[in-house]
Every structure is written in C-alpha cells, then in structure tokens.
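Report on the structure given below.
The values are calculated or read from the model by the stated rules, or taken from the named source; none is laboratory data. Source: prediction; values computed, not measured. So basically every Cβ, Gly included, is an ideal-geometry build from the backbone, and we count neighbours across all protein chains shown.
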Amino acid sequence: MPPIGKVRKIMFYTVFLAENNAFNSFTKSFISYASSFTLKFGGKGSQKGAKLKIMLAPILIENNVSKELIIYYKGGKEGQIERFIDAIRYFRFNKLSTISDIVVVKGIGSEPIREAWGPSYLKVAHESLKKAYPIRKAEKYESCCEHQINVIGGYEKFFSLLLTSLLAGGHRRGIGLRQIAAQNLVALLLTVDKLDEAIVEGVVRGLAALVADVYVWVPKLYSIKKGVWGSEIHYSLAMFGLDTLICWIQSTECFTDKYNDVLLVSYNKLKEAFGNLPKDPMKLAKKASESIKECLPVKFRSEVLLGYYERLTSKLEKAHDNVDGGDGKILLTTVTEQSSLLYITTLMEKFRFKDIVLLYTPQMLYERLLLEDFLEWWNNRRNGRVSATFIPLPGLDAGATYEYVEAILNHYSDEIGLIVAGGPMSLVLPLKILPKKLGLKAPVIIP
Amino acid sequence: MSDGYKVSYEVVVDKVIPSPTIFPYDMTYSYSDSVREYDGLVLATVRAIIESTKSKKKTVKWKTLFFVEDLSGNETSKKVVDLSLGAPEVVFIDDGGKDKIMDMLVHFSFSEKKVVEIFKKTRVKAFIEKYGKLWKYTYELHNLAFHTLFLARSFREKIMEDFKNLNRILKPGNEHLREIVDDILGILAYANNKRPSLRSKDRERVDEPKSVKEVLDEALKNLCRGGRVLVLIFPQMLREEASMRRKWQENVAAELVKYIVKTVSGKVSVRVVSYAESIEQAEEIKNKMPTYLEKEVIKEVKEEVLMKKIFEEIRKHEEIIIIILQDYSKKVISKLLDNLQGKRAIMILANETTYDVAKLPLEKLEKDRFLKATTVWSEISEQTLGEISYSKILICPL
C-alpha cells in the first residue's frame with residue numbers, strides 16, 4: 001500500500017517527485033512531449049539541491065470533471081521552474097498541445113513569493129495580480145493522501161511521458177498516449193539487468209496511476225461531456241466494455257472514492273504480480289494486463305493499456321518459424337497510436353533484427369517523434385542495437401499511399417525479413433497485397 | 001556611418017506556396033476542418049549588406065520563410081489563432097489602398113512597401129497551376145511539412161531526414177511522387193536554413209492525375225468477362241445513429257455499386273457484411289442499393305461463421321469486388337485476401353476524409369489568388385467520380 005499522508009482528505013494525489021539531476025531531464029522531456037514537440041528546452045549542468053514536486057488529482061466541480069495540478073519547487077537554476085510553469089499554462093491553450101485545458105494549475109512554489117523587484121519573481125507576482133492565479137502555501141495540501149512516484153535518475157523520460165499522458169484529455173491521442181506510457185513503463189523493467197526495488201516501485205505506481213485514470217477518470221469525463229467520445233475511441237482503442245464502464249461510473253455516488261479504490265487495488269495487484277518478474281516482455285506484459293483486469297469492476301475482452309501489445313505478441317508467437325531476422329535483413333513496420341518502446345524492442349529482439357524501417361502517416365507525427373526519442377535512449381543503454389529509418393507517407397489518399405508503398409517495397413525488396421502492418425486500412429492493405437504481387441518472401445503480420 | 005556600421009537588407013522571394021492550409025494531424029478522423037489557412041507561404045533569400053567605415057563591404061545571405069496573410073476584411077482575429085498555435089512568423093498585409101503592413105517580421109528591416117511589391121510580383125499563375133496539380137495527387141505530405149514548421153528545430157530536422165529517406169527510395173517513373181517530396185524538401189530546407197537539394201527545382205513535368213472514373217473503368221474492364229459479379233461491402237462500424245458519417249457510407253456504397261452495375265456486363269449481386277454491432281447500419285446501406293439488384297446482408301457475430309458465409313458467397317461467383325468504407329476488422333479482411341480461391345478480384349478502399357483542391361476556374365483562383373484545400377466525398381455521383389483524382393481512393397486488382 002502506498003504511504004498515506006497524515007490525514008486522508010478527499011482524494012489521492014499522484015505525486016511526481018524529481019530531485020537533483022532528475023529535475024533537469026524530467027522537465028526538459030516533459031516540455032517536449034507536452035508541447036507536441038513544438039518546444040525544446042536546452043540547459044545542462046547539475047541541479048544539486050533542486051526539488052520539483054508535482055501533485056495531480058482529478059476534481060469534480062459542479063458536476064464537471066477537471067484535474068488539479070499543484071507545483072512545488074525548491075532550488076534549481078534561476079528561471080528554469082518559471083519556464084516550466086509558464087509552459088504548462090501555455091499548453092492548456094495551445095491547439096497543438098495534447099494537454100487538456102481541463103487541467104487547472106493551482107499552486108506555484110512552496111517558497112514564499114519574494115518582493116516584486118527581485119527580477120526572477122517579478123513575473124509570478126505580476127501574473128498573480130493581473131490574472132488572479134491563486135498562489136497558495138504548501139501547508140494547505142500537506143495533509144492529503146499521496147501516491148508518490150519518484151522520478152528515477154536515468155529514466156526521467158518514462159515519467160515525463162507518464163505525466164504528459166495523465167494531463168492529456170480524453171481524446172484519441174490522449175488515450176493512445178496513456179497506452180504508450182504504460183507499455184514503456186513495462187519496457188523500462190526490461191532494460192535493467194538487476195532490478196532494484198525503487199525501479200519496480202516506480203513502474204508499479206505509474207501503472208496504477210494510469211489504471212485509475214483510464215478506467216475511472218476517463219469514463220467519468222465521457223459520461224459528463226457527451227460527444228467527446230464516439231466510434232473512433234470505442235473501436236480503435238480496444239476499449240471494449242466502455243458503455244458498461246460509463247454506466248458503472250454514472251451509478252457511482254462518489255466518483256472520488258471509486259478513483260481511490262481502483263488506484264489502491266491496482267497498486268496492490270500489480271505489486272503482487274511484479275513480485276517475481278519474468279524477463280520475457282510478453283509474459284511480463286501479460287502478467288500486468290491480467291492483474292489490471294482482475295481489479296476492474298467491468299469485464300473486458302481486451303485490456304486498454306496493454307491489450308494491444310498482448311494481441312500483437314500472440315500473433316508473433318505463431319509467426320516465429322517463418323521469420324528470417326538474420327544479418328542484413330530488415331523489419332518493416334508501421335507507426336501506430338500504440339507504437340511503444342516495448343512493442344518495437346520486442347519485435348527486434350525476438351527475431352534478432354538490427355534494422356527497422358518505420359512507415360508513418362501524418363496522423364502519427366507525434367508518435368513517430370516520441371518513438372525515436374525512446375529508441376535513442378534505448379540505444380544509449382544497449383550500445384546502439386537498433387537502427388531505425390522513418391519514412392512519411394500519406395494516409396488519407398489511399399491511392400497515393402499504395403503507390404508510395406509499392407516504391408518502398410521495390411526498394412528494400414528481399415532485404416525485408418518481416419512486415420508487421422498496423423494502423424489505417426490505407427496503409428495495411430498495400431502492405432498485405434503488394435508483397436505477394438512483387439514476389440517478396442517476407443511474412444506479413446497484421447496485429 | 002559615423003558610428004562604424006550600416007546594414008541594409010534585400011529580400012528575394014524565391015517561391016510562394018498558395019493557400020497553405022493546416023489541418024490538425026491528430027483530429028483528422030473526428031473533425032477534419034482546418035485550424036488555419038494562410039494566404040501564402042513565402043520562401044525567400046535575405047541578403048544583409050554590411051558597410052563599415054573601417055572594413056570592406058560584406059554581404060551575408062540566408063534562407064527564410066514566413067506565412068503571409070492578406071487582410072481582405074476584419075480578419076485581425078487570425079492573429080489570436082496564430083498566437084495560440086505558436087505559429088511561425090506571419091506577415092499581415094493590409095493593402096486597402098495604402099499597402100500598409102499591419103505586422104512586421106522582427107528580424108527583417110526592409111521596407112514595408114518592398115515586401116508588398118515583391119509578394120505581389122510573385123503571385124503568378126505558375127505557382128497556382130503547379131500546386132493545383134501536385135495537391136490533386138496528395139495534399140497530406142504538404143500538410144505534414146507545414147505542421148513541421150511549428151516544431152522545435154531539432155524535431156523539424158528529423159522530419160526533413162524522413163523526407164530525404166523517402167526521396168532516396170523513389171526511382172524514375174514515379175515523377176509525381178518525387179515532385180511532391182522534392183518540393184517539400186525545398187520548403188524544409190528554407191525552414192532549417194539549409195541549402196535546398198539539387199533536385200528541388202521547379203519542373204513542370206507533372207501531369208494532371210487520372211480520375212477515379214478512369215482508373216475504375218480500367219480495373220472493371222480487366223476484371224469482368226461476363227461472369228457473375230459479387231460486390232462485398234464492408235462498412236466501418238459506426239455507433240452514432242443517423243450521423244453524417246453513416247449517410248456518407250450509404251451514399252458512397254450506393255453510387256459505387258450503381259456505377260459498377262452500369263459498367264459491367266455480368267449479373268451483379270451485393271452483400272453488405274455486418275460484423276458484431278453493425279447490423280442496423282448494414283441494413284441501411286443495403287436499402288440504399290438500387291431496388292432491381294439481388295442484395296443481402298451477411299450478419300454474424302462470430303468471426304469463423306462470418307468467414308464461412310463470405311466464402312460460400314465467393315464460391316458462387318466468378319468475379320469479386322471488395323469495397324471497404326474507411327475501416328473494417330483487419331483480421332477479417334486479411335483472411336478474405338488469403339482465401340479468394342483463385343477468383344479474379346479488385347479491392348476498393350474509400351476513406352471518408354481526404355483533402356482536395358477546390359474546383360474553381362483559374363481566373364477566379366487568380367483573382368482570389370489562392371487554391372483551397374477541402375474535404376471531398378460529401379456528395380458523390382458519376383460526375384464527381386470523373387473529377388476526383390484516382391489517388392484519393394484505392395482501386396487495386398488482386
């Protein structure tokens with residue numbers, strides 16, 4: 001059970017705690033992800049003594065769901081935290097950012113606001129006066145329950161993505177982001193030879209936060225804001241049972257209690273499941289997915305966060321004998337809304353591919369950039385084992401997509417050892433039809 | 001020059017891209033309208049001439065680009081949209097008799113009048129014609145490139161590398177595909193202040209694309225030899241009752257089938273394949289078909305039983321036409337493609353959203369200056385099949 005604060009107040013706050021050097025990398029990658037890669041912060045160097053605490057909790061105000069974000073900070077380079085806070089505020093209104101404008105930024109700093117003539121504090125005071133952003137003292141929140149996630153040095157990206165996904169709305173990309181964040185957290189466990197308890201704890205807490213968010217907060221949002229979900233979310237994101245989930249949440253008197261219950265139960269189940277970790281990614285994901293299903297009030301054919309990965313890997317098992325992943329062979333696949341580090345590395349490692357060609361449509365621009373960011377991290381840890389080539393293609397103009405895919409298959413020809421085709425039908429169909437026409441031997445898997 | 005330096009600027013507009021329209025890439029399926037449409041994207045070379053009392057005259061050159069918005073009415077609210085988007089720099093031109101620029105690029109200091117002059121000079125027919133042709137093939141990759149202009153530089157450079165990857169793959173014979181990628185590489189080179197690739201020159205070698213009708217006629221001619229024709233329709237399952245999207249599916253299916261019946265010589269049967277929850281929707285599509293046709297709904301929840309029923313139908317016919325409307329269970333389609341039992345077949349995939357160039361007479365385009373990118377398929381008929389580019393729909397012999 002996660003440590004509970006002094007007094008149980010209303011709700012669990014998911015708390016991200018980034019200290020010292022983790023502070024810098026965590027805020028930098030968060031800015032890139034949350035801004036949909038429109039911003040990139042520079043800055044290197046030690047952040048000794050720096051402390052960033054981000055508290056996040058769903059709130060219900062007059063039957064309207066929101067999320068409250070409280071930011072505390074201490075130390076750090078002058079100006080860095082201000083940039084971070086300013087950016088979050090800006091993301092709420094930026095049409096290109098994934099961050100939802102139902103995120104309410106409520107607190108700034110645990111340190112007293114200094115005199116206005118102190119240059120680095122001028123802006124805070126100025127904004128507070130002009131825009132009436134509430135500046136509250138930290139003591140007010142100290143008595144609430146905390147589900148604390150420590151941002152671990154070297155793994156900051158994983159937690160930045162987790163925070164970004166928890167701040168995203170209930171739109172299609174927002175759900176996709178939560179799926180990628182969950183799968184990447186599972187992948188994190190595979191990158192360390194000797195697991196230390198802190199890492200497992202971080203992953204379990206991160207997954208539990210996502211479970212509560214996807215299975216309680218998102219349905220609550222859908223039940224109130226009708227029209228934000230429809231066929232696209234229902235069918236494309238494996239949310240089978242969404243109707244039942246919405247009915248359940250509508251019949252629930254206290255939504256915050258349900259949120260807390262699911263958070264606690266899923267934390268305990270996942271902690272139990274990860275007590276003895278299998279090193280095989282498929283078994284690991286399956287174990288996590290089954291644990292999640294066990295703690296939910298609704299029966300799901302396919303679990304939302306890790307279900308897509310499970311479906312893919314069950315097909316990979318069957319295709320194993322036909323796949324030639326030897327030297328000089330490449331894996332050709334597509335970037336989809338669920339293309340995670342776990343997904344790609346499973347493919348690469350299972351069939352011993354070193355080179356991968358990833359086709360993506362403009363709709364997958366975000367996922368493409370995110371995937372490369374994590375692959376670069378993976379290569380740094382594993383001494384450059386994955387060489388990825390990204391190729392953009394149209395996705396809506398099905399005839400044009402077919403022609404581009406034909407040119408690509410002709411170019412790589414027999415170098416292709418395996419084709420894994422997911423995503424839009426306009427991309428899947430040529431990848432299914434053309435290899436046979438062109439006489440390619442590579443098997444085609446459609447997850 | 002008493003203080004030592006005098007800097008003057010010259011700008012040469014190398015290219016104007018008419019009407020770059022930004023469609024949010026992550027909302028394509030649910031809300032396909034554009035978030036912003038600019039009047040032009042200007043690719044320019046800037047020369048700074050530095051004169052000094054102490055040294056020789058120096059010239060520094062760099063590439064740049066900026067959007068242009070020509071204010072024709074009360075459009076200043078667009079400025080707010082640009083701010084919320086974090087847009088690259090936008091020059092607002094108010095030429096209501098005074099050629100006065102409302103907003104100026106901060107890092108240039110050439111005269112306002114000069115910008116208006118050079119911009120107007122380059123609004124030529126050739127650019128409109130060129131992009132009119134290119135975008136009939138596909139606008140999406142340009143949309144991606146325009147989006148890329150909003151990204152941080154290091155990410156923008158990654159996307160430029162991706163386009164270079166695609167460029168390397170395209171061989172002679174795919175001129176229209178190469179032309180699109182070349183053009184985009186040219187834009188991204190300006191955005192990243194890099195030298196445009198040698199191939200990114202304006203060449204007028206792209207032909208008007210064939211129409212859907214032309215390609216469909218050819219495919220049907222090769223497919224049909226007087227045998228019994230089975231049209232299998234796979235509609236995307238949509239939950240919203242009586243929605244515009246359902247209507248779109250009904251119309252597209254009906255019009256395509258009408259055209260097929262008119263073109264082929266053999267007897268045509270239609271089966272609308274309903275999987276899981278789409279039964280009511282499939283009935284609606286069936287009811288839209290011409291009354292004289294032999295038509296049925298194949299409905300089944302279990303996949304194996306559904307596949308068995310589809311294969312039974314295939315066995316009874318010689319020629320198969322598969323129509324997918326937007327999306328369907330990929331597992332079902334994959335099994336179908338693996339088990340066509342040696343029958344002659346064609347695949348048609350129609351996407352609900354796609355961007356097209358507005359059909360305006362050139363004179364009007366010139367007067368209004370720019371092209372428009374819009375969604376198509378809102379109304380489909382034999383006439384529109386003859387107007388829409390083949391690249392908007394997949395028609396592929398199997």
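A few remarks follow.
- Only one of the numbered conditions (1) within 16 Å of B:I184 (Cα to Cα); (2) within 20 Å of the chain's Cα centre (by Cα); (3) more than 10 Å from chain A (Cβ to nearest Cβ) is violated by B:E129, and that is (1).
- Filtering the stretch A:351-374 to residues that are without any contact (Cβ under 8 Å) to a residue 60 or more places away in the chain and more than 14 Å from every other protein chain (Cβ to nearest Cβ) leaves A:R352, A:K354.
- B:H176 vs. criteria facing chain A (nearest Cβ under 7 Å) and crowded, with 18+ Cβ neighbours inside 10 Å: no
- Those residues of the stretch A:375-428 which are part of a helix (DSSP H, G or I), facing chain B (nearest Cβ under 8 Å) and not hydroxyl-bearing (S, T, Y), in sequence order: A:A398, A:G399, A:A400, A:E403, A:A407, A:I408, A:N410, A:H411, A:M425, A:V428
- The residue pairs whose first member lies in the stretch B:331-350 and is within 21 Å of A:L396 (Cα to Cα), whose second member is surrounded by fewer than 16 Cβ atoms within 10 Å (Cβ to Cβ) and of a type in the set (S, T, N, Q), and whose beta carbons are closer than 9 Å, counting only pairs six or more residues apart or on different chains, are B:I346/B:N222.
- Note on the stretch B:143-178: residues that are closer than 20 Å to B:P209 by Cβ, without any contact (Cβ under 8 Å) to a residue 12 or more places away in the chain and not basic (K, R) total 4.
Rundown of residues vs (1) surrounded by fewer than 20 Cβ atoms within 10 Å (Cβ to Cβ); (2) β-branched (V, I, T); (3) at pLDDT 85 or above; (4) in contact with a Pro (Cβ under 9 Å, 6 or more places away or on another chain), yes/no style:
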| position | (1), (2), (3), (4) |
| --- | --- |
| A:C254 | yes, no, no, no |
| A:S266 | no, no, yes, no |
| A:K269 | no, no, yes, no |
| A:N276 | yes, no, no, no |
| A:L284 | no, no, no, yes |
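- B:I388 meets the conditions (1) modelled with pLDDT of 80 or more; (2) closer than 28 Å to B:R228 by Cα; (3) more than 8 Å from chain A (Cβ to nearest Cβ) in every case but one. The failed one is (2).
- Checking the stated criteria, A:T313 turns out to be in contact (Cβ under 8 Å) with a residue 24 or more places away in the chain, at negative phi and away from chain B (no Cβ under 14 Å).
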